[in-house]
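Structure, as structure tokens:
Every read-out reported here was derived from the displayed coordinates using simple, explicitly stated rules and does not represent laboratory data. Treat the numbers as computed from the prediction; the structure is a model and nothing was measured. Here the Cβ positions follow ideal geometry from the backbone for every residue, glycine too, while neighbour counts run over all protein chains shown.
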Amino acid sequence: MASAVSSTTPPPAQRAGYRHLLRTPGAWTFLLPGFAARQPFAMLTISIVLLLRHTTGSYGLAGAVAAVTGVSMALFAPQSGKLADRHGQSAVLMPGVLLHAAAAALLTTLALAHAPLWALIAAAVPTGASVPQVGPMVRARWAAALGDGAVGDGAPGGSGPRAGRHPLLATAAAFESVTDELTFVIGPVLATGLSTGVHPASGLIAEAALTLVGGLLFAAQRRTAPPLGAARADTRKRPASALSISGVRVLAVAFLGVGSVFGGMQVALTAFAQEHGQPGLNGVLYGVFAAGNMLAGVACGAIAWRTSPRRRLLTSYAALTLVCATLWAVPAPLPLGGLGLLAGLCIAPALITGYTLVEALVPATSRTEAFTWLTGSVALGQAAAVTAAGQLADGFGASAAFTVPLVGTAPALLTVVSLRARIAPRGVSTAVRHEHPTADTHNGSLRTADTA
């Protein structure tokens with residue numbers, strides 16, 4: 001591991017950027033299969049909605065089944081992360097992807113057979129529970145590869161990062177957010193194209209196939225997996241749950257609101273496209289929304305920030321809430337696409353800074369679990385939003401469904417603002433200086449921003 005750290009640490013005079021990050025030994029062996037295996041997270045909900053909307057004719061029913069899948073994923077994801085921290089990623093992934101493929105196949109069969117609602121819900125539970133948490137696992141591999149996976153980098157109570165925190169960790173957080181957003185560009189468009197252009201069930205079938213193939217290939221990359229020896233030896237120092245750290249709970253609420261944007265937009269855009277007689281427009285509009293996420297993520301990783309992650313989170317989340325407040329009033333596709341792009345541009349900074357704060361708040365022994373609490377919160381918010389937006393779309397149309405993102409983000413913003421002290425780990429100014437070595441001449445402004 002020492003050789004990996006020395007070979008990827010950029011010279012002091014250089015920017016810790018994507019080029020240095022991607023030179024990390026072994027990185028590509030988990031990045032490529034990881035990208036395929038995380039597509040289901042973006043494809044699952046929209047695939048279920050499109051399939052069940054075809055077989056039942058109801059957005060409400062389709063949204064309810066999709067919501068059960070999301071709730072199930074939210075409840076089981078942290079347990080999956082905790083097991084991966086303790087027993088290894090491969091031990092959790094291999095049986096998980098097999099179960100998910102089987103459950104998704106069962107749900108598809110039941111939907112095409114016009115099975116009753118209770119049967120669809122019963123099949124949705126294991127489908128959601130078995131979604132592989134590849135994104136958090138990739139983040140944990142970056143931390144291990146960059147030398148920040150050792151026990152003791154942060155106290156269980158959230159004492160903050162070590163002074164020697166690797167400068168590429170912030171770049172890795174941004175890179176992973178870009179990858180997540182890219183899946184939300186490709187996944188929904190792929191699922192929509194398959195479901196509307198090939199067969200209503202083909203989106204869900206493709207989701208299951210990608211889970212199986214990508215998940216097994218990712219699990220086979222054992223050399224880059226986080227080591228287990230130190231984590232097992234430090235069981236007494238590990239908190240009972242990453243959620244016992246107050247900052248993680250605040251961030252989980254923030255990510256819950258982000259999930260409401262994803263879920264609300266998926267259903268509302270689908271209903272909007274149907275109302276305008278252009279079902280295929282759904283994938284384009286959602287792709288524009290997700291493209292905004294990706295572009296903002298790329299920019300976040302390329303900028304040497306002089307403000308603290310907490311301030312960036314508050315600013316981006318306030319902007320996101322403001323954009324969501326206008327979606328319901330848009331009557332035409334072109335301005336809706338523009339607002340969707342703006343919403344996407346606000347989401348990526350919130351997600352990136354949230355994951356960056358988790359790395360500073362949570363010890364390495366519980367980091368995968370902490371990441372899964374955040375992804376689980378996104379899934380839970382998405383599930384609730386899909387249900388609410390589906391009911392509103394059935395009863396009042398697409399404009400009513402577009403109010404769901406605002407209802408999700410406004411209270412989350414109030415919570416984050418009220419409890420912002422909980423997400424400011426001690427020693428953050430030191431961490432920021434180490435994340436951006438070229439900004440050392442601006443130490444004064446860094447300190448000022450971090451105490452704001």
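So here's what we get for this one:
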read-out: Spin-label pair LEU75/GLU275, simplified geometry with 7 Å Cα→Cβ offset, distance in nm; value: 3.4
read-out: Cα gyration tensor shape for segment 200-359, rounded if a/c is under 1.5, else prolate or oblate; value: oblate
read-out: Over segment 39-99, relative contact order from alpha-carbon pairs under 8 Å, at least 6 apart, %; value: 20
read-out: Cα gyration tensor shape for segment 356-425, rounded if a/c is under 1.5, else prolate or oblate; value: oblate
read-out: Under Karplus coefficients 6.51, -1.76 and 1.60, residue-wise ³J(HN,Hα) of segment 407-415 in Hz, glycine/proline x; value: 4, x, 7, 4, x, 5, 4, 4, 5
read-out: Local electrostatic count at THR29 - Lys and Arg +1, Asp and Glu -1, tallied over other residues with Cβ under 12 Å; value: +3
read-out: Spin-label model distance (nm) - ARG23 vs SER418, 7 Å beyond Cα toward Cβ; value: 4.8
read-out: Mean separation of Cα contacts under 8 Å (6+ apart) over length of segment 303-376, as relative contact order %; value: 38
read-out: Contact order normalised by residue count of segment 19-137, Cα under 8 Å, 6+ apart, percent; value: 34
read-out: 3J(HN,Hα) from dihedral phi, segment 92-105, Karplus parametrisation 6.51/-1.76/1.60, rounded to Hz, x for glycine, proline; value: 8, 5, 4, x, x, 5, 5, 5, 5, 4, 5, 5, 5, 5
